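Below: one structure, written as structure tokens.
Since every read-out is calculated from the coordinates, none of them should be taken as a lab result. Quantities reported herein were computed from a predicted structural model and do not represent experimental measurements. Every residue, glycine among them, receives a Cβ derived from its backbone with ideal geometry; neighbour counts consider all protein chains shown.
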Amino acid sequence: MQFDDDAELDTSQVQDRRGIPGGGLTIGGGAIGILGLIAALLFGVDPGLFGAADTAAAPPVGQATSSAQLASACKTGKDANQRQDCRVLAVVNSVQTYWEGDFKARGRQYSPAATVLFTDRVATACGTATSAVGPFYCPGDRKAYFDLGFFNDMTRQLGAKGGPFAEAYVVAHEYGHHVQNLLGTMGKVGSDRQGADSASVKLELQADCYAGVWTHHATTTPQPSTGRPLITSLTDQDIALALDAAESVGDDRIQQRATGRSNPETWTHGSSAQRTQWFTTGYRTGDMTKCNTFG
Ligand SMILES: [Zn+2]
């Protein structure tokens, strides 16, 4: 994956709360949004991972500074070609530019969602989350949350090969949830949150399919600021690494690695085969209406 060196990045789409204790926000109450739980990318999220008593988080000291630092470090596509955090920002830009156009073509309006970078734990409208839940999207505040350390876990603990486009797949998956939130699809899940045929699995597979749809268009979607695509090239190897990442986060694969066996009744995200299949469907067709995982 290569970015246009001269492209200007839109740093307003990423908030940097790395190194801020508690993620820099105080959220009242301990209520955990159910939709927040189902939207975590990888794991059947244990509610214990979202602190029930998310009180007394530190005030957002340094938040502005930190985001300002990111903004000064990540100015152009050239920065995205050199730094991981700038790359994530650039992918967020590309993904949102794509969906804005897709929504427009369907007579709808896309509302951008911010990405929050954090370390260790973060306070959200869905409760306080630790890095252990993996990247997630919180419908309550319409933000995607990433601890970039997850990308190391993906290779070390989940056995993925990793690489920039594996990371891009994860980012695009979370924005797939944002698209679902805007379209009202998340409401279909209700309490049907576990099992190979559950609505939760269908929601997750659709987010994988949406990631594939963006991938299909990634090198042909012009950025408004330049009129040129922000991503100038994707190789077969990039696509292979995205598929490898999708495979590595399949429920059956994760359960096999953890316990030596897989129990479809507890699946929340779909099997490796399903996840790669739906990413591929989105990638081959480039058409979100083909992402009909709900049948
Ligand atoms: Zn997800």
### Partners for Lys290 among aspartates and glutamates (Cα-Cα distance below 13 Å; same-chain residues under 8 apart left out)
Asp208
### Query
Among 97-104, 108-115, how do they line up from the highest to the lowest mean number of other beta-carbon atoms within 10 Å?
97-104, 108-115
### Task
Sticking with the crude label model, points 7 Å out along Cα→Cβ, report the distance from Thr220 to Thr259 in nm, one decimal please.
4.4 nm
### Message
Amide H of Thr115 versus every other amide H placed in the peptide plane: which residues, excluding those fewer than 5 positions away on the same chain, fall under 5 Å?
### Response
Val14, Gln15, Ala144
### Query
What are the trypsin sites (Lys or Arg not before Pro) within the range 186-288 that DSSP puts in a loop, where the Cβ has at most 10 other Cβ atoms within 10 Å?
Arg261
### Task
Would you mind checking which residues have amide H under 5 Å from Thr76's amide H? H placed 1.01 Å from N; only 5 or more apart, or other chain.
Leu9
## Note on the structure
Whole-Hz Karplus couplings 3J(HN,Hα) for the range 166-182, θ = phi - 60° and coefficients 6.51, -1.76, 1.60, Gly and Pro as x, run 4, 5, 4, 4, 4, 4, 5, 4, 4, 5, x, 5, 5, 4, 4, 5, 5
### Message
Skipping prolines and chain starts, which residues have an amide H placed within reach, meaning under 5 Å, of the one on Gln2, given they are 5 or more residues away or on another chain?
### Response
Thr232, Ser233
### Query
Which semi-axis lengths, in whole Å and largest first, follow from the square roots of five times the eigenvalues of the Cα gyration tensor of the range 86-165?
25, 18, 10
## Note on the structure
In whole Hz, the Karplus estimates of ³J(HN,Hα) for the range 200-217 (6.51, -1.76, 1.60; θ = phi - 60°; x where Gly or Pro) are 4, 4, 4, 5, 5, 5, 5, 5, 5, 5, 4, 4, x, 4, 4, 4, 3, 9
### Message
Could you tell me which residue out of Gly250, Thr220, Gly195 lies farthest along the dipole of the range 179-250 toward its positive end? Charges go on the beta carbon: Lys and Arg +1, Asp and Glu -1, centred on the Cα centre.
### Response
Thr220
